[in-house]
Amino acid sequence: MDSTATKGLTLRSHTGVAYRFDPGALCLELLTTGGPGPYRRYEVLHEPADLASWAERSRLTPTPVLEISRAEVADARRLRDALFRIVIAHTRGEPYPPGDLEAVNEAAARPALAPAVAPDGKRQWAGAPSGTHLVATVARDAVELLTGPFAHRIRTCAAEDCHLVYVDTSRPGRRRWCSMEHCGNRHKVRALRARHTEKG
């Protein structure tokens, strides 16, 4: 899993309320940009600027200054969709779709973003980072997650109407919600109302 600093993503509910979501891994952050099938309506990766904007919001530190082509945006969507299907299969204990596994492994085999030390001692990215470097970095993070110590903690939010995927990196390993301030809070409010109804 990616070891760079966590920024956390700000998402919006269908009612327009902003909340913070930390999926716990770079590769799972990409799944918030859309996806296959019914998730296509949430698509936000249309232009090179969209992928650059996602990289800026991601946990990559510092934000890479990327040269991105339209073909690389399509590559990012292809990886995301494959990863989405793999992760869902993983949470259900089902076999990984072979074509999707191939897509992730092919992307991971390409050159990834390479960290370097700047003259001022700070972290930077070496060379001229491209969209391909970014996609490869995300794919390698996916390989690390799926084969690493937290693989058994990849989950979907417990709310019936939420499909966000996260890895539970908490020590007790009892995380149930995408975000306590969103789905966790909604659950608490519903439980409270149910108790009041029972008393009434």
Note to self: Tell me the net charge near Gly35. Cut-off is 14 Å between Cβ atoms, Gly35 excluded, with +1 for each Lys or Arg and -1 for each Asp or Glu.
What the structure shows: +2
Check: Per-residue accessible area for His90 at 1.4 Å probe radius, Å² rounded to 10?
Finding: 50
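Would you mind counting up the charge near Arg110? Only other residues with Cβ under 14 Å from its Cβ, with Lys and Arg at +1 and Asp and Glu at -1.
After counting each charged neighbour, the total is -3.
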Item checked: Semi-axis lengths, Å, the stretch 16-60, gyration tensor of Cα atoms, sqrt of 5 times eigenvalues -> 16, 15, 11
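Working with all protein chains in place, sort Arg70, Arg123 by solvent-accessible area computed with a 1.4 Å probe, largest first.
Most to least solvent-accessible, the answer reads Arg70, Arg123.
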Margin query: Please report the spacing between the Cα centers of the stretch 34-64 and the stretch 110-124 in Å, no decimals.
Written below: 22
Next item on the list: Would you please state which residues of the stretch 108-148 a label at Glu67 would reach in this model, taking the label point 7 Å out along Cα→Cβ and a backbone N cut-off of under 12 Å?
Entry: 127-132
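Listed highest first by mean packing, meaning other Cβ atoms within 10 Å per residue, what order do 74-80, 27-33, 130-136 come in? Walk me through the numbers before you get to the answer.
Working: 74-80: 21.1, 27-33: 24.4, 130-136: 22.7.
The most tightly packed comes first, giving 27-33, 130-136, 74-80.
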Check: What accessible surface, in Å², does a 1.4 Å probe find on Val65, ignoring ligands, DNA and RNA and rounding to the nearest 10?
Finding: 130
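Mind ranking Val44, Val73 by accessible surface for me, highest first, 1.4 Å probe? Write out the running numbers ahead of the final one.
Numbers: Val44 65, Val73 0 Å².
Output order, biggest surface exposure first: Val44, Val73.
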Next item on the list: Could you check the simple spin-label distance between Arg78 and Arg171, using points 7 Å along Cα→Cβ, in nm with one decimal?
Entry: 4.4
Item checked: Projected label distance in nm at Lys122 and Ala109, using a 7 Å step from Cα toward the beta-carbon -> 3.7
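The values are calculated or read from the model by the stated rules, or taken from the named source; none is laboratory data. Worth saying up front: this structure is predicted, and the values here are computed from it rather than measured. Ideal geometry is used to build each Cβ from the backbone, glycine not excepted, and the neighbour counts take in all protein chains shown. The protein model used for the area step is the full one, side chains on, heavy atoms only, and it has no ligands, DNA or RNA in it. Shrake-Rupley method; radii C 1.70, N 1.55, O 1.52, S 1.80 Å.
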